[in-house]
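Here the structure is laid out as structure tokens; the discussion comes afterwards.
Read the figures in this text as sums done on the coordinates, not as results from a lab. The structure presented is a predicted model; accordingly, all values stated were derived computationally and were not measured. Positions of Cβ are backbone-derived with ideal geometry, glycine not excepted, and every protein chain shown enters the neighbour counts.
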Amino acid sequence: MKLKLLVFFFLCSIVSVFGQQFQLSDDAKVSVLTIGPGESLNDAFGHNGFRIKDNALGIDVVYGYGEYDFESPNFYLKFAQGKLNYLISRHNFKDLLYHYSNSNRTINEQVLNLSSAEKQNLFNYLENNYKPENRRYLYDFFYDNCATRIRDIAQTTTTTTIDFKTPENFEPKTFRTLIHDHVGLNSWGSFGIDIALGSVIDRKASVSEHMFLPEYIHTFFENATINGNENLVQNSTTLYQKKESKSALNCLFSPLVIIGLIALIMLYITYKDAKNNTRTKWLDLVIFGTTGLIGVLILFLWFGTDHSATAHNYNLLWAFPLNVIVMLQLLKPQVKKWITRYLKFLIIMFALMIFHWIGGVQVFAIGLIPIVIALLIRYLYLIKWFNKDLPQ
């Protein structure tokens, strides 16, 4: 019982310390932390946070935006629909340093050149955000995330305008290219992203919009000025440097290789069908069922969710939703005449896909190249096959 009481009073003391808006000392430091990418897809883009350090008050905490609210009802459904609220987090700096260094992720710190009043404003803002009634916010990967919040809060809490100067040799990139810079062109992460996200991310991001990525927060803060010509960043330090390890490339399991093998199997079966004057029905059922279901998912992401980046997705040109219905027609001993016209329509869609790709309307996953070739050849064979069987 005594132990429980001690723990209770200890927790109450912690809550009371952070619950009040106390005055930071003149020696307090406010800095921006930039965490480098991790190994998994969800941390491949890095992370940012504000560090508040005040030795006089015994404070050394980090506030970050982008923590999952696992207690939210219907968590996975809201996540899929783009309606999931994320949380502001507050962690002891030592715990955060231990976690990210153990995960072998680079940690950079930029101490901001702020006045005492601006430090206090920022600290008050973060503490107010951390209150239970204010912690949740509607996350958007490109426009309202852990990085953009750092930029926006810094601008909101400073009394002078922050001038984010464009670095030398800066070349604007599209949102998709910025994603590929972090997950690669031929990874399963980029493959899924390139299928799920539409042409809206194939426009060039503005200078400010580049700061949806933590590394650009670090870059632009490093070059930013306040009060005309003063540097926003007082000094920069690398708190932990990632140790590079020589790991074997998983190119054998990349989308281009795996899907290439599937495409070769499809082409081989089509070749055997042509040679033996037959049709492998199960292959056509798999093709039309899979592409149709992917098309239904793309339509759902486009029209059934609040995700801003899933609109105008021309992956529908190869993954057509009506293929699910056509799959049922292919089960019948004798197909309808319109099937050949439908197959010709799908080939036209492939041509439109190529024009969209070459014209820069939308960049598609490179892993699709072998499967699109295999699908095109299979559709041409099916047109020939059904024209032979259909009554003239």
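Placing +1 on the Cβ of every Lys and Arg and -1 on the Cβ of every Asp and Glu, with no other charges, gives the chain a dipole of roughly 2140 debye about its Cα centre. Computed from the C-beta positions of Glu244 and Leu267 and an R0 of 30 Å, the FRET efficiency is 0.15 to the nearest 0.05. For Tyr240, the residues whose modelled amide H falls within less than 5 Å of its own, excluding neighbours fewer than 5 places apart on the same chain, are Ile107. Among [x] 1.27; [y] 1.07; [z] 0.99, only one was calculated for this model; which label is it, if the read-out is Cα Rg over 2.2 N^0.38 Å? Recomputing Cα Rg over 2.2 N^0.38 Å here gives the entry labelled [x].
Cross-link partners of Lys332 among aspartates and glutamates, defined as those whose alpha carbon lies under 15 angstrom from its own and excluding same-chain residues fewer than eight positions apart: Asp284, Asp389.
Can you give the FRET efficiency for His312 and Ser116, using 1/(1 + (r/R0)^6), R0 = 41 Å, r = Cβ-Cβ distance, to the nearest 0.05?
0.25
Please compare each pair in Lys173/Lys242; Lys83/Lys119; Lys336/Lys388 to a cut-off of 23 Å on the Cα-Cα distance and tell me which ones are over it. As for pairs spanning more than 23 Å Cα to Cα, those are Lys173/Lys242; Lys83/Lys119. Annotation for Val296 and Glu39: the two label points, set 7 Å from Cα along the Cα-Cβ direction, are 3.6 nm apart.
Of all aspartates and glutamates in the structure, those lying under 18 Å Cα to Cα from Lys165, and not within fewer than 8 positions of it along the same chain, are Asp152, Glu209, Glu215, Glu222, Glu230.
Which residues in region 21-52 place their backbone N less than 18 Å from a point set 7 Å from the Cα of His91 along the Cα-to-Cβ direction? From region 21-52, the list is 31-52.
Across region 144-259, the mean sequence separation of Cα contacts (distance under 8 Å, 6 or more residues apart), normalised by length, yields a relative contact order of 35 percent.
Between the residues Thr237, Ile195, Leu138, the greatest Cα displacement towards the positive end of the dipole of region 120-239, with unit charges on the Cβ of Lys, Arg, Asp and Glu, is found for Leu138.
With contacts defined as alpha carbon pairs under 8 Å and 6 or more residues apart, what's the relative contact order of the chain in percent?
17
Here region 21-45 is scanned for amide nitrogen atoms under 13 Å from the site 7 Å beyond the Cα of Glu67 along Cα-to-Cβ, giving none. Scanning the chain for long hydrophobic helices, with DSSP H runs required to stretch 15 angstrom or more by C-alpha along their axis and to average at least 0.5 on the Kyte-Doolittle scale, returns 2-19, 255-276, 281-303, 338-358, 368-389.
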